[in-house]
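Worksheet: the structure to be examined is printed underneath.
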């Protein structure tokens with residue numbers, strides 16, 4: 001199982017040096033990918049700009065959108081941006097996409113929070129792949145939308161799926177799934193992976209889905225308080241009391257707990273675990289590397 005590391009983009013106090021230092025350390029470490037997530041009405045840096053900055057100071061790790069809420073955006077413009085990042089990074093982009101659940105983010109960018117976002121997402125992915133293949137999508141245009149990505153046909157696309165309906169739809173168009181589990185719950189992740197394997201088989205796919213999941217972690221003597229503060233801030237959009245209700249389920253609060261989770265997820269056949277830090281301290285990168293050996 002590969003281990004990826006998210007940048008601490010949802011933690012307050014980020015600046016240029018912090019983002020670049022995390023990026024350099026992740027690239028120098030044992031990690032398979034460097035990831036960032038997307039929010040709009042939140043004090044996090046914009047996802048593509050952040051991954052572009054990381055691309056400039058790294059040379060090895062994959063750059064993982066974990067995840068881009070595609071229905072909020074123009075599929076063609078995002079296809080061009082992501083292809084540009086693929087060129088800048090030398091073909092290191094992995095794209096996770098999802099429909100999102102935060103209506104206020106949609107409203108902030110002037111996009112309708114449609115009921116049928118999963119269908120919209122599927123159509124947008126098809127459009128992006130047309131762009132990346134070099135197909136002209138504007139009748140009479142002198143040229144297609146360029147640049148074309150370094151990766152032929154475009155980057156790997158993972159579906160940010162957490163529920164059965166979205167997993168089953170993803171089997172029609174995705175290369176795999178990019179899940180998330182609060183605990184993480186091994187039972188929950190196992191169920192999601194089994195659902196994905198069955199969905200891919202039922203869809204007649206010739207290859208198995210790539211199985212990626214993510215979880216939060218906190219380390220050190222202050223881990224519980226650090227995690228609780230992070231959850232309270234990050235989950236505020238879900239209403240009062242949500243963070244307090246979910247906090248006891250989050251168990252990755254020590255070196256041993258993190259080791260146990262990694263071992264159990266590896267036993268499930270997880271292809272990659274993307275760890276999400278709750279501290280902006282770049283020393284976390286080496287702490288996790290030391291813990292996992």
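Here, each number is a calculation from the coordinates, and none is a lab measurement. Owing to the predicted nature of the structure, the values given are computational and were not obtained by experimental measurement. Glycine gets a Cβ as well: all are built from the backbone with ideal geometry, and neighbour counts include every protein chain shown.
Taken over segment 103-177, the alpha-carbon convex hull comes to 130 cubic angstrom per residue. Hey, quick one: spin label on residue 146, modelled 7 Å out along Cα-Cβ, who in segment 60-96 has an amide N within reach, i.e. under 20 Å? It comes to 76-92, nothing else. Using the average count of surrounding beta-carbon atoms within 10 Å as a protection proxy, the listed peptides 66-73, 20-27, 156-163 rank, highest first, as 66-73, 156-163, 20-27.
The mean of 1/r over all pairs of different alpha-carbon atoms in segment 119-266, once inverted, gives a Kirkwood hydrodynamic radius of 18.0 Å.
Principal-axis analysis of the Cα atoms of the chain puts helix 75-89 at an angle of about 70° to the longest axis.
What whole-number volume per residue, in cubic angstrom, does the convex hull of the C-alpha atoms of segment 25-95 give?
Values: hull volume 5.8 nm³, N = 71.
Considering the Cα atoms of segment 25-95, their hull volume per residue is 81 Å³.
With Cα atoms defining each centre, segment 122-173 and segment 33-54 are spaced 21 Å apart in the structure. Each principal axis of the chain carries a Cα extent, and these read 63, 43, 37 Å when sorted largest first.
Compared with the rule-of-thumb size 2.2 N^0.38 Å for a compact globular protein, segment 1-133 has a Cα radius of gyration ratio of 1.06.
Once every DSSP H run of n ≥ 4 in the chain is given -39500 (n - 2.57) and the sum is divided by its residues, what mean residue ellipticity at 222 nm do you get, rounded to the nearest 500 deg cm²/dmol? Computed ellipticity for the chain at 222 nm equals -13000 deg cm²/dmol. Summarising the label geometry, the points placed 7 Å from Cα in the beta-carbon direction at residue 109 and residue 225 lie 3.7 nm from one another. For segment 142-219, pairs of C-alpha atoms spaced more than 16 angstrom apart make up 54 percent of the total. Angle, helix 117-132 long axis vs. longest principal axis of the chain, Cα atoms, 0 to 90°, nearest 10? With rounding to tens, the tilt is 60 degrees.
Assuming 1.306 mPa s and 10 °C, estimate D for segment 195-252 with Stokes-Einstein, Rh taken as the Kirkwood radius over Cα pairs, in µm²/s.
Translational D for this selection: 113 µm²/s.
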